[in-house]
1. Find out how many positive minus negative residues lie around LYS466, taking Lys and Arg as positive, Asp and Glu as negative, among other residues whose Cβ is under 11 Å from that of LYS466.
2. Roughly what percent of Cα-Cα pairs across segment 2-172 reach past 23 Å?
3. Provide the gained length on full extension for the span ALA372 to ASP515, in nm with one decimal, where the gain is 0.36 nm per separating residue minus the Cα-Cα distance.
4. Please give the per residue volume of the convex hull enclosing the alpha carbon atoms of segment 269-379, rounded to a whole number of Å³.
5. What spacing in nm lies between the two simple spin-label points modelled at HIS480 and GLU78, each 7 Å away from Cα in the Cβ direction?
6. For segment 269-379, what is the relative contact order in percent, using Cα pairs closer than 8 Å and at least 6 residues apart in sequence?
7. Under the rule of at least 5 residues apart or a separate chain, name every residue whose amide H is placed under 5 Å from the amide H of ALA342.
8. Modelled label-to-label distance, ARG52 and ARG356, 7 Å Cα→beta-carbon offset: nm?
Amino acid sequence: MAGSLLDVDAEAAYRHAQAAVSRASRIGEVREAAALAAYACGKYTEALREVRTARRLSGSDVLRAVEADCERGLGKPEKALDIIADTDTSGMDEFELAELAIVAAGARADMEQHDAALIVIDDFLDAHSLEDDEALARLLSVKADVLMELGREDEADEVRASAPVLPEAVTIVDLEEVAEADTTYVASDLHGSRRPLVEAHDLVMVDLDGVCYMGTNPIEHARDGLQAVRDAGTALAFVTNNASRTPQAVVDHLATFSISAQPDEIMTAALDGVEILKDKLPPAAKVLIVGGEGVHEAVEAAGFTIVTSADDKPAAVIQGYAPDVDWVKMSEATYAINAGAAYVATNLDATLPTERGFAIGNGSLVACVSNATGVKPYAGGKPFASIYRRPVERAGASHPLAVGDRLNTDIRGARAAGYRSLHVLTGVSNARDVALAEREERPDFLGLDLRALGQPHPGAVKNPTKEWTSGGSAGFRVDHEGHVLRDGDALSTDALVLDLPDYRAFIAAVWEARDNGTYVDLPAEITVVEAYPDVEDTVEGTAAESDGDSTVVDREPEPAENRDDSSEAVEEEGRDAEESADQ
């Protein structure tokens, strides 16, 4: 069991491994598993002790990469390199060799020898024709990280794009016969965290419209959720595809909702677009702007020369949203682009949410210019990774979390950057959209609103009954005909009401079924509530009135004694973000 949880819930794996050691301490494989679990939890001194015990019992030179990486974790990169240099690699397979190369590169990076780290990876790739996709993917991921440290972002993106796509993570070692566990972990894109998300991450990047506010209207609990980030001492950034406002204007707008922020905490699509200009143009180059004050300020601050006519022969055109963008301005951009100017768009959002619905967004206006010129722009903003990477680099964060309401921009962008994400139901994408999301747009965590940042997130677990649960939820599964079952009973396909634990379990079950090729017959409307009004209510109740397919109804939580806690033991098997081995 420890092995099947290792990459998902390191603490649970550690507990299982310790239980196995207490029963079978003289078995080398058990001590190896204990070493891996301790290593995944960051218990490096204990992991080193278990590695050496496993070697003594098995008589083999096992886990050399783990041993070296533990020395790195204890702040001894030189010792890690010594261990690797002393390792007999003659009997190792390519995956083990790749792990040694990865640790060696990491040790070099720890010593600020990033060029040397890149050489380690490149030399290994040149010397080995890897057939193991997992090993190749890990090596390329490390190479991309090193390139990012060297400031070679375009190369890093190319390396990440070339990496093989891996299937679900495989079990490292199975201790079920030893630990006698009764639950087998099944991977889900939905993660869990025993600690509040603000404690499990060192930077929270929050979208604005649809998360912090909706146009000129406040979103309930947004201010309190953001205050929880401040109170935890976690870094905060506001990341928006809105290019019309300057950072100070964003700060002023947030203040109208009693949300405090500083200009250096703001990352707009205009700022991201200007970074693209910096990569493409020489200093002080001429730039024609189509957009608002946010774009003008960003371009001017970057030192470019702003022009207003294609006759000035600009080197580039940058286009961002502003309410006064019209035919005249877009035509001027068209003239310049047709004359050879580079074309940059701050973002490609087709629509813009307003109090009255969805209005035309920058992406729709960009499409007009692109159609007239036949030129596709270099695009910034979400869903592209760079708008998230810049705040992460600025904060020096290693465990960032992105928060958003749009699956196709906020969540997709976070996944493109390799960061975890929280989806909230206060804006564009509703619960039904989440259920239908393709893998590249699936969030790691699900919440109602920004209060979710200050809360633990029970993981989704598949039980021996093949039902998915989360915390004290009911059990959900999808049958072979695509019907969603709750505790064995088919759900109505008209309207569905779910509390938060049931919502998470429901999503995990639907995602698994869709990934297995099953068409899922989803309810037409899905309402997510804070908690069911009372214990007799079922998820098949009538949905609250809604303008869309899915709503959030905020209700007081029911008393704890009314909840079904039968699955608490199984919850311990859920994914735990704060100590997952892949961070």
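Bear in mind these aren't lab numbers, they're just calculated from the coordinates by the rules spelled out. Quantities reported herein were computed from a predicted structural model and do not represent experimental measurements. Cβ placement follows ideal geometry from the backbone for every residue including glycine, while neighbour counts extend to all protein chains displayed.
1. Values: positive: LYS462, ARG477; negative: GLU467, ASP479, GLU512.
Once positives and negatives cancel, what remains is -1.
2. Numbers: 6283 of 14535 pairs.
Distances greater than 23 Å cover 43 percent of the Cα pairs.
3. Details: separation 143, 0.36 × 143 = 51.48 nm, distance 3.98 nm.
Net length gain for the segment: 47.5 nm.
4. On the way: hull volume 9.7 nm³, N = 111.
So the per-residue Cα hull volume is 87 Å³.
5. A separation of 6.5 nm, rounded to one decimal place.
6. Result for segment 269-379 is 25 percent.
7. ALA316, VAL317
8. With each label point 7 Å from Cα toward Cβ, the separation is 7.4 nm.
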